[in-house]
Amino acid sequence: MEPPGRRFLIVVGKGGVGKTTVCAAQATALAARGKRVLVAMCNAKERLSTMFGAPPVGSDVCHVATNIWAVNMDPEKALEEYGRMTLKVRALYATVFGNRYTRSFFRAVPGMHDWSMLGKAWWHTTERDEGGAPRFDVVILDAPATGHGLEMLRVPKVIVDIAPPGILRRDAERAWTLFQDPKRCGVVLVTLPEEMPVTETLELSAALVDELHLPLDRVVVNGLLSPLFSVRERALLVSLETPREDTEDVLLVTGRNRALHESAQAESLARLESELRGVARVFLPLLLEDATSSRAIAQLARGL
C-alpha cells in the first residue's frame with residue numbers, strides 16, 4: 001500500500017468522518033508489517049488511547065501499542081521545542097522564549113501555531129535513534145478538519161515564499177520538499193458515503209492538487225453500508241408512496257428507508273469515482289460495534 005520510501009501520511013477530511021479511527025487502523029496495519037509508526041494529533045480531543053487501550057496521550061511522545069507511538073501536539077509546547085532545537089544554547093532559548101513579549105509576538109504571527117505542530121510532525125521523520133537509524137518508519141499526521149487542515153498545509157508554502165533566508169525558511173523548505181514528494185509522502189482523504197462529506201472531499205482534493213500540488217495517496221470511504229437490494233429493487237422501493245408507519249407496514253417502511261439510504265450512498269460513490277479518477281479508493285464497513293474498540297480497529301486495519 002505504501003511505497004517502501006514513504007515516510008509521511010497526512011490524513012485529512014471533514015469533521016466527524018472518522019479520521020482518527022482511520023489513523024489508528026492505518027497505524028495498526030503498518031505496525032503488523034514491522035513498521036515503527038508515530039501518530040501525531042493536532043491539539044485534538046484525544047480518543048486514540050481508547051482505541052489502543054492505552055493511557056491518555058499527551059504532548060510527549062508515548063508508546064501505545066506494539067510498534068506504535070502517539071503524541072497529541074500542543075502548539076505552545078511544540079513552539080518551545082522548536083526553539084530549543086534551533087537555538088540550542090539553553091541561555092539563549094530562555095532569553096527568547098521566556099520573554100512574554102516574544103511569546104505574544106509568536107502567538108500573533110498568522111500560521112505560527114499551525115507550523116509549530118506541522119513542523120514537529122515533519123521533524124519526527126528526520127529523528128534518529130542512538131544507532132543512527134530513523135526512530136520512526138512512518139509518521140501519520142491526524143490533521144485538523146477540512147478548512148483548518150488545508151490552512152495548516154498552506155503554511156510551509158507561505159513561509160518558503162515570503163520568509164527571509166534563515167532557520168525557519170530552511171526547515172519549511174525541507175518539509176515542503178518532503179510533502180510534495182509522492183515517493184515519501186501521501187495525503188489520505190477520509191469521507192463518508194454521503195452528499196455533504198463527499199462534496200467537501202472533492203473541494204479539498206482540488207485545493208490540495210491544483211493549489212498546493214500535494215500527492216493524493218487514496219480516498220478512504222468510511223462507514224460503508226453493505227447493500228441489501230439490487231439497483232432494480234432499490235428503484236422499486238423508492239418509487240412506492242410513503243407507507244403508513246403502523247405495525248402493518250413496518251417492514252415496508254424499513255425497506256424503503258434502507259433503499260433510500262443505499263441509493264444516496266451509491267450516488268455519492270459514483271461522484272467520487274467520476275471526479276477522482278486515478279485516485280485509489282478504500283472502503284471500510286459501517287461497524288455495528290463501537291468503532292473506538294481495539295477489536296474494531298483491528299478489523300478496519302485488515303480493510304486497509
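Please indicate, with yes or no, whether at least one residue in region 276-293 is part of a helix (DSSP H, G or I) and more than 18 Å from the chain's Cα centre (by Cα).
Restricting attention to region 276-293, the residues satisfying the condition of being part of a helix (DSSP H, G or I) are none.
Checking region 276-293: not a single residue is part of a helix (DSSP H, G or I) and more than 18 Å from the chain's Cα centre (by Cα).
Consider residue 117 against the criteria (1) touching a strand residue (DSSP E or B) at 6+ places or on another chain (Cβ under 7 Å); (2) surrounded by fewer than 20 Cβ atoms within 10 Å (Cβ to Cβ): it satisfies all of them except one. Which criterion is unmet?
Status for residue 117: all satisfied but (2).
Against the condition farther than 22 Å from residue 219 by Cβ and modelled with pLDDT of 95 or more, how does residue 47 come out, does it pass?
No: the conditions fail for residue 47.
May I ask you to list the residues in region 268-294 that are surrounded by 14 or more Cβ atoms within 10 Å (Cβ to Cβ) and within 15 Å of residue 196 (Cα to Cα)?
268, 269, 271, 272 - these are the residues of region 268-294 that are surrounded by 14 or more Cβ atoms within 10 Å (Cβ to Cβ) and within 15 Å of residue 196 (Cα to Cα).
Got a number for residues in region 121-153 being outside any loop (DSSP other than H, G, I, E, B) and of a type outside the set (A, V, I, L, M, F, W, C)? I'd like the intermediate steps shown before the answer.
First, the residues of region 121-153 that are outside any loop (DSSP other than H, G, I, E, B): 121-126, 128, 134, 138-142, 146-153.
Still in the running and of a type outside the set (A, V, I, L, M, F, W, C): 124-126, 128, 134, 142, 146-149, 151.
Selection size over region 121-153: 11.
Would you confirm, using the coordinates I've provided, whether residue 302 is more than 30 Å from residue 64 (Cβ to Cβ), of a type in the set (D, E, K, R), touching a residue at least 12 places away in the same chain (Cβ under 8 Å) and part of a helix (DSSP H, G or I)? Even if it seems obvious, please write down each step before you answer.
Numbers: more than 30 Å from residue 64 (Cβ to Cβ): no; of a type in the set (D, E, K, R): yes; touching a residue at least 12 places away in the same chain (Cβ under 8 Å): yes; part of a helix (DSSP H, G or I): yes.
In short, no.
Would you confirm whether any residue within region 257-280 is at pLDDT below 85, within 27 Å of residue 27 (Cα to Cα) and among the aliphatic types (A, V, I, L, M)?
Step one: filter region 257-280 for residues at pLDDT below 85, giving none.
No, every residue in region 257-280 fails to be at pLDDT below 85, within 27 Å of residue 27 (Cα to Cα) and among the aliphatic types (A, V, I, L, M).
Among the residues in region 230-240, are any free of Cβ contacts under 8 Å to residues at least 60 places away in the same chain and closer than 24 Å to residue 16 by Cα?
No, that holds for no residue.
Please work out which residue is farthest from residue 175 (Cα to Cα), limiting yourself to region 70-84 and to residues that are surrounded by fewer than 21 Cβ atoms within 10 Å (Cβ to Cβ) and within 19 Å of the chain's Cα centre (by Cα).
The qualifying residue farthest from residue 175 (Cα to Cα) is 74.
So which of 144, 156 is of a type outside the set (Gly, Ala, Ser) and modelled with pLDDT under 95?
Only one candidate passes the filter, namely 156.
Looking at region 154-201, which of the residues that are in a helix (DSSP H, G or I) and touching an Asp or Glu at 6+ places or on another chain (Cβ under 7 Å) is surrounded by the most Cβ atoms within 10 Å (Cβ to Cβ)?
Ranking the qualifying residues of region 154-201, first place goes to 155.
Filter region 175-197 for residues that are more than 17 Å from residue 144 (Cα to Cα) and touching a residue at least 24 places away in the same chain (Cβ under 8 Å) and give the result.
175, 178, 180, 181, 182, 183, 184, 185, 193, 194, 195, 196, listed by residue number.
The values are calculated or read from the model by the stated rules, or taken from the named source; none is laboratory data. None of the values given here were measured: they were computed from a predicted structure. Counting neighbours? That spans all protein chains shown, and the Cβs are built from the backbone with ideal geometry, glycine included.
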